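The block underneath contains the structure these notes are about, expressed in structure tokens.
The values are calculated or read from the model by the stated rules, or taken from the named source; none is laboratory data. Keep in mind that this is a model prediction, so the values were computed, not measured. For neighbour counting, all protein chains shown are included, and Cβ atoms are generated from backbone atoms with ideal geometry for every residue, glycine included.
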Amino acid sequence: MNKWTIDPAHTEIGFRVKHLMISTVRGKFIKFQGEILMPEDDFTKAEITFSAETASVDTGNEMRDNHLRSPDFFDSAKFPELSFKSKSIEKKGGNEYSVSGDFTMRGVTKEISMNASLNGIAKNMDGVRVASFEVSGSLSRKEYGLTWNAPVEGGGVIASDEVKLDIIAEFKEQK
């Protein structure tokens, strides 16, 4: 079984949410870990696990980040981590995959499906094999208990329910 671990220096765990239903706010998690266990180089047989520290959320705005850490959103004191564990990986063609698994946030676990593109496998400057992926998907934050919102003048709300996931991940093969 080959083991690959996420390389934080070459990975970004990002998300996007509509603000006032007209613009987009981007965020990311600074502290995270993940690994892939797989026989040979067959990603359809891989087991993927991932977790991020909710207190490490960063949107570039300290006031907003503190609100996201509060009980209104992630409740980082009570739920310090969000996680994903794959259940199935299906090759869609070429280097495109569909990855399904259990995503847990605020103590709620739901199955989600994401699209993953394998950008390639290469050796880094140290001769270690690395695999690069781009992953996208979305989820309903309300399904995980992140229900805070406020109406705005003219209709709509401050933050959309849909959260779009934008992940660029590089994994190093472990020997």
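Go over the candidates ALA77, ALA9 one by one and state the one that is out of contact with any Phe, Trp or Tyr (no Cβ under 8 Å at 6 or more places or on another chain) and in a helix (DSSP H, G or I).
The match here is ALA9.
If I filter the stretch 1-44 down to residues being under 17 Å from SER136 (Cα atoms) and polar (S, T, N, Q), which single residue comes out as surrounded by the most Cβ atoms within 10 Å (Cβ to Cβ)?
Among residues in the stretch 1-44 that are under 17 Å from SER136 (Cα atoms) and polar (S, T, N, Q), the one surrounded by the most Cβ atoms within 10 Å (Cβ to Cβ) is THR11.
Which condition breaks for SER160 when tested against (1) closer than 23 Å to THR49 by Cα; (2) of a type outside the set (Asp, Glu); (3) in a strand (DSSP E or B)?
(1)
Among the residues of the stretch 106-115, write down those that are within 25 Å of ALA46 (Cβ to Cβ) and in contact (Cβ under 8 Å) with a residue 40 or more places away in the chain.
MET114
Within the stretch 124-157, take every residue that is farther than 22 Å from SER76 by Cβ, among the small types (Gly, Ala, Ser) and in a loop (DSSP other than H, G, I, E, B) and give me the one that is modelled with the highest pLDDT.
So, considering only residues that are farther than 22 Å from SER76 by Cβ, among the small types (Gly, Ala, Ser) and in a loop (DSSP other than H, G, I, E, B), the one modelled with the highest pLDDT is GLY127.
Restricting to the stretch 127-175, name every residue that is over 16 Å from the mean Cα position of the chain (by Cα) and among the hydroxyl-bearing types (Ser, Thr, Tyr).
THR147, SER160
Against the definition (under 26 Å from LEU37 (Cα atoms), surrounded by 14 or more Cβ atoms within 10 Å (Cβ to Cβ) and polar (S, T, N, Q)), how does SER76 come out, yes or no? Walk me through it before giving the result.
Numbers: under 26 Å from LEU37 (Cα atoms): no; surrounded by 14 or more Cβ atoms within 10 Å (Cβ to Cβ): yes; polar (S, T, N, Q): yes.
Against the criterion (under 26 Å from LEU37 (Cα atoms), surrounded by 14 or more Cβ atoms within 10 Å (Cβ to Cβ) and polar (S, T, N, Q)), SER76 does not qualify.
Check whether at least one residue in the stretch 53-67 is touching a strand residue (DSSP E or B) at 6+ places or on another chain (Cβ under 7 Å) and farther than 28 Å from VAL152 by Cβ, and report yes or no.
Scanning the stretch 53-67, I find at least one residue that is touching a strand residue (DSSP E or B) at 6+ places or on another chain (Cβ under 7 Å) and farther than 28 Å from VAL152 by Cβ, so the answer is yes.
Looking at the structure I just gave you, is GLU12 modelled with pLDDT of 95 or more and closer than 20 Å to LYS164 by Cα?
Values: modelled with pLDDT of 95 or more: yes; closer than 20 Å to LYS164 by Cα: yes.
Against the criterion (modelled with pLDDT of 95 or more and closer than 20 Å to LYS164 by Cα), GLU12 qualifies.
I'd like to check something: does the stretch 154-162 contain any residue that is free of Cβ contacts under 8 Å to residues at least 24 places away in the same chain and surrounded by 15 or more Cβ atoms within 10 Å (Cβ to Cβ)?
Yes, the stretch 154-162 contains a residue that is free of Cβ contacts under 8 Å to residues at least 24 places away in the same chain and surrounded by 15 or more Cβ atoms within 10 Å (Cβ to Cβ).
What are the pairs, 6+ residues apart or on separate chains, where a residue within the stretch 78-90 that is at positive phi has its Cβ under 6 Å from a residue that is among the aromatic types (Phe, Trp, Tyr) and assigned to a strand (DSSP E or B)?
Qualifying pairs under 6 Å: none.
Among (1) under 17 Å from the mean Cα position of the chain (by Cα); (2) of a type in the set (A, V, I, L, M); (3) closer than 24 Å to VAL25 by Cβ; (4) surrounded by 16 or more Cβ atoms within 10 Å (Cβ to Cβ), which single condition is LEU118 missing?
(3)
In the stretch 121-138, which residues are crowded, with 17+ Cβ neighbours inside 10 Å and closer than 23 Å to ASP41 by Cβ?
VAL130, ALA131, SER132, PHE133, VAL135
Of all residues in the stretch 86-105, which are surrounded by 18 or more Cβ atoms within 10 Å (Cβ to Cβ) and farther than 17 Å from ALA46 by Cα?
Listed by number, the list holds a single entry, MET105.
So if I check each of THR5, THR49, THR44, THR54, which one is of a type in the set (Val, Ile, Thr), within 20 Å of ASP161 (Cα to Cα) and in contact (Cβ under 8 Å) with a residue 12 or more places away in the chain?
Values: THR5 fails: within 20 Å of ASP161 (Cα to Cα); THR49 fails: within 20 Å of ASP161 (Cα to Cα); THR44 fails: within 20 Å of ASP161 (Cα to Cα).
Just one listed residue meets the conditions, THR54.
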